[in-house]
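The values are calculated or read from the model by the stated rules, or taken from the named source; none is laboratory data. The structure displayed is predicted, hence computed values, not measured ones. Cβ coordinates were reconstructed from backbone atoms using ideal geometry, including for glycine residues, and neighbour counts include every protein chain displayed. With ligands, DNA and RNA removed, areas are computed over all heavy atoms of the protein, side chains included. Shrake-Rupley method; radii C 1.70, N 1.55, O 1.52, S 1.80 Å.
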Amino acid sequence: MDGNHAPHSNQHPPPERDGSFSYDIESMDGSGRGTGLAPAAAWNGSSEALPRFDDDDGAREAALLRYDDDGGGPREPLLRKRTMNTTSQIAIVGANVFPIESLDYEIVENDLFKQDWRSRKKKQIFQYIVLKWALVLLIGLLTGLVGFFNNLAVENIAGFKLLLTGDLMLQKRYFTAFLAYGGCNLVLGATAAAICAYIAPAAAGSGIPEVKAYLNGVDAYSILAPSTLFVKIFGSILGVSAGFVLGKEGPMVHTGACIANLLGQGGSRKYHLTCNWLKYFKNDRDRRDLITCGAAAGVAAAFRAPVGGVLFALEEAASWWRSALLWRTFFTTAVVAVVLRALIEVCRSGKCGLFGQGGLIMFDLSSNVPTYGTQDVIAIVVLGIIGGVFGGLFNFLLDRILRVYSIINERGAPLKILLTITISIITSACSYGLPWLASCTPCPVGSMEECPTIGRSGNFKSFQCPPGHYNGLASLFFNTNDDAIRNLFSRGTANEFHMSSLFVFFIAIYCLGLVTYGIAVPSGLFIPVILAGATYGRIVGTLLGPISDLDPGLFALLGAASFLGGTMRMTVSVCVILLELTNELHMLPLVMLVLLISKTIADCFNKGVYDQIVVMKGLPFMEAHAEPYMRHLVAGDVVSGPLISFSGVERVGNVVQALKITGHNGFPVVDEPPLTEAPELVGLVLRSHLLVLLKGKTFMKDKAKTSGSFVLRRFGAFDFAKPGSGKGMKIEDLDFTDEEMEMYVDLHPITNTSPYTVVETMSLAKAAVLFRALGLRHLLVVPKTPGRPPIVGILTRHDLMPEHIHGLFPDLHKSH
């Protein structure tokens, strides 16, 4: 992309292709460089260079423009493949297109930072430590309360709907029952889609890919905003209650991250919820740790699996990990477990309506110690292969369906709601209509449970059957997803479900799970995957019943594990979550075996579902390893220029002009004669720090003088602390007189004098690994030989993206 056709938000001319020095407002690489010579616009800076979108139409107009083959333009991350070089300026977050930027995880070691640490007393350090532990305690408490509230609301709303429908069916008013059932589902689903489409589009989907990208260093508009938190909670409740084949577990991860972000940034100024005593955490590093704790707490709240939550954050969510974070994350999930346990004990006394029966997801299978032989191990290997094949196919089909849905979603909120209504009608028709195909089965003699079940919970649903009989398919369809999983996992029920019922249920859940994910409703994939996997696991267990020592309920558990491994490609965390769910520790070796086999088989076809969605959404995710073709390049090959750098003492007008015509986040600072004998790299200054310094107007009339000591007295380190999302200062907010524009400003006190640097001849593979391992936003490239300018360029996240590298080197093969 050469930038010739890129939409500009001001009246500066586009960059030219003749190599002349020019600024491109769309270059957004965060490096302080223009892209007049660059074949692709770079990415990673402030989002000011792209418009903020207030509605779907604006987002589509500004972001999804089409250009001729000889022109460039913003990237369409999900919809269509481009042969031209693309950028990472925008991505799909939820169901809308938003500008994205990187996070500053690096510590800015400037004079203000050093002065602040020298002046800190033991009392302030102790206060910081206590506040950090207090925050993770609050994250655990709030996430546990939200998880309990979600389950309480779902059980009662869905229970009321099912009781109403069941009463009408007992009166033989079958068509009225369908209208009531489908009508409730339609209203609940449409309401969830409406609040998601109009209030917080970023709340659509599970949110795990967005949280994963955030913890990798990618920020996007409203991804963790209070409005997103609100819609995530209530949209998830409404969506699950509407009978969709989706779960609330993925949204709970996003919810926990939103709660952590809200606390970490000191509340929300927009909603008048602020706390000044949280000023210590106004930086991306501490917020990253808190959001990691929030993501783990979300899993713990969804599954009542505290250890599984920690391992999920370690294996799937977090990109950086250390022992101190492990301890805080474990503490957070332990708090969640205690809160849920206490609240469930209260509900068992019957004070929570219909919630007391079902509780949270807990499938207790540990009635006795299972034994298994060689034939069982062979069957489990087959289950693992089936899970890998079905998982790879699921991810492939989901990729295609999401691309179709994105075309619908980009046309505005009304079509998002219409799509949700369509899926709701299909789901209601399947869950109410398919049980009519199943035959009635006599109730088992001597059953411990009531048969047929009167009410909502239970294994035996009468549906249209006469007294003393039940409908096995209705026991799976005409239920909440949690109760359906309980029925599939139940032990001692080998003959409860006909083989035909299990086949019909598997096909329906597999297909409905595919078409449901992607609508404008908060939706998770855990429950659909567990449902489908448990169904084919029970099918295998029923077929092997005469020769196997394992109960079909245990085969259902192993089937769920195999499908989770085949779709999500997680092993350790999924294994522990399932064992905590089922209290079946004796199954550990078999669960480990089936997970390893299914993941190995599925990896032969495609990536895990969350990794795949990250790519589809256009989020510039940095992998822990470098691609093989990067070994053929050096760091100097992919940096583009020319650079925009500042002198240590710079004219105010130059700084203001550079900030206005670029969206760069960082600028190199170079001292030149007479301040030094030769040009010398001082460090890197951030855009946000420049804006604070300019607002303070600590200017000088004489360039030869310095105002460093005055700046240190005038400002404190917290004056430069990063505000919460959407609260940053803009250059357009500042006004300067003509006299001030001709004055000078000393940049030395706010310049990071210890930026990470690499020599231009370093292998690009090593530079990429270094960039990812340190969580950088800028990596300065310096010359190898003396007598040249002190800086060659700056590597940013965009420069390490495959589309940028292959745009520069079209003949470079990925496999090399």
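So here's what we get for this one:
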| item | result |
| --- | --- |
| Rounded FRET efficiency, nearest 0.05, which uses the C-beta distance separating Phe809 from Thr753 and R0 of 35 Å | 0.55 |
| Cβ-derived FRET efficiency at R0 35 Å, Cys511 paired with Val381, nearest 0.05 | 0.85 |
| Computed lengthening from Leu170 to Met729, 0.36 nm per intervening residue step minus Cα-Cα distance | 194.9 nm |
| Global geometry of the range 657-697, whether rounded, prolate or oblate, following the gyration tensor of its Cα atoms and the 1.5 cut on a/c | prolate |
| Shape call, the range 278-321: gyration tensor on alpha carbons, a/c limit 1.5 | oblate |
| Å² per residue, accessible surface of the range 528-592 at 1.4 Å | 23 Å² |
| Probe 1.4 Å, all protein chains present, accessible-area order of Trp133, Trp117, largest first | Trp117, Trp133 |
| Gain on full stretching of the segment that runs from Asp702 to Leu437 - 0.36 nm per residue minus C-alpha separation | 86.6 nm |
| Accessible area in the full protein assembly, largest first, 1.4 Å probe, for Asp399, Asp603, Asp735 | Asp735, Asp603, Asp399 |
| Under 19 Å from Lys132, Cα to Cα: lysines that are on another chain or at least 8 residues apart | Lys121, Lys122, Lys123, Lys279, Lys282, Lys722 |
| Separation of the Asp116 and Met499 label points, Cα + 7 Å toward Cβ, nm | 6.9 nm |
| Projected label distance in nm at His632 and Lys784, using a 7 Å step from Cα toward the beta-carbon | 1.9 nm |
| Note, ³J(HN,Hα) from phi for the range 230-235, Karplus 6.51, -1.76, 1.60, rounded to Hz, x at Gly and Pro | 4, 5, 4, 5, 6, x |
| Efficiency of FRET from Cβ geometry, Thr422 and Val692, R₀ 60 Å, rounded to 0.05 | 0.75 |
| Whole-percent carbon and sulfur share, accessible surface of the range 474-631, 1.4 Å | 67 percent |
| Radius of gyration and Dmax over the Cα atoms of the range 504-635, both given in Å | 17.5, 63 |
| Extension gain, Tyr128 back to Thr737 (0.36 nm per residue minus Cα-Cα distance, nm) | 215.1 nm |
| Anisotropy class of the range 512-590 from Cα gyration tensor, a/c 1.5 cut | oblate |
| Using distinct alpha-carbon pairs, which all enter the 1/r mean, Kirkwood radius of the range 604-663 in Å | 16.1 Å |
| Distance in nm between pseudo-label sites at Ile199 and Ala678 (7 Å out along the Cβ direction from Cα) | 6.3 nm |
